[in-house]
Amino acid sequence: MGRLVHFEIHVDDMERAKNFYGDVFGWTFEDWSEYAGMPYFGAVTGDEKELGINGALMQRQSPPPELNQPVNGYACTMGVEDFDAVEAKITNNGGKVAMPKYALPGMAWQGYFIDTEGNIFGIHQPDENAK
C-alpha cells in the first residue's frame, strides 16, 4: 500500500517559514540539515498518537511558483478545530487567501491559502452542519 508518510514544503526563507508554520499551527522543527546536505528542518505537526503525518521544510532548489499558476505538486491540508481563528492567524502572519472558506455540505469547511513562501495549502474544519 502506498500510504503518504512524509511531506516536504519548499521554502525560500527558512526562518520566515518556520515562524509562519510554528505560529499558525504550532509546529516544531528539528534540524536535519546535516543529513540532507542542505537547509532541511523536520516538521513535527502534532502528537504521534494522533492521526496525521510529519514532514519537513526544505530549501527551495529553483524559482518559486508564479502567482496564479496551477498547482504543480501536492497541496497539503491541515485539520483545524476553528477555521475562522486559524484563517486570522494565517493572514496575521503574512499568509494570503487563495480560495475563501466554503462548505463541503454535511462534512466540513474548507479553504486554501498562500504561505509566506508562495506555496498553496488548505485548512479543513470538520462540521456536519456545514452548508
Exercise for the section: Can you figure out the FRET efficiency of Lys131 with Asp12, using R₀ = 35 Å and their beta-carbon distance, to the nearest 0.05? Expected result: 0.35
Problem - For Leu104, Leu51, Leu67, order by how many other beta-carbon atoms lie within 10 Å, fewest first - result: Leu51, Leu67, Leu104
Problem - segment 20-71 shape via C-alpha gyration tensor axes, a/c threshold 1.5 - result: oblate
Fill in the blank from the handout: Karplus ³J(HN,Hα) for segment 3-14 (6.51 cos²θ - 1.76 cosθ + 1.60, θ = phi - 60°; Hz, whole; x = Gly/Pro) runs 5, 5, 10, 6, 10, 10, 10, 7, 9, 8, 10, 4
Exercise for the section: Find the relative contact order for the chain and round it to a whole percent, using C-alpha pairs within less than 8 Å whose residues are 6+ positions apart. Expected result: 24 percent
Completion exercise
Filtered hits (lysines, Cα-Cα < 28 Å from Lys49, offset >= 8 within chain) -> Lys18, Lys89
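Bear in mind that the values in this text are calculations on the coordinates, not laboratory data. Just so we're clear, the structure is a prediction, and the values are computed from it rather than from any experiment. FYI the Cβ positions are ideal-geometry reconstructions off the backbone, even for glycines, and counts take in every protein chain you see.
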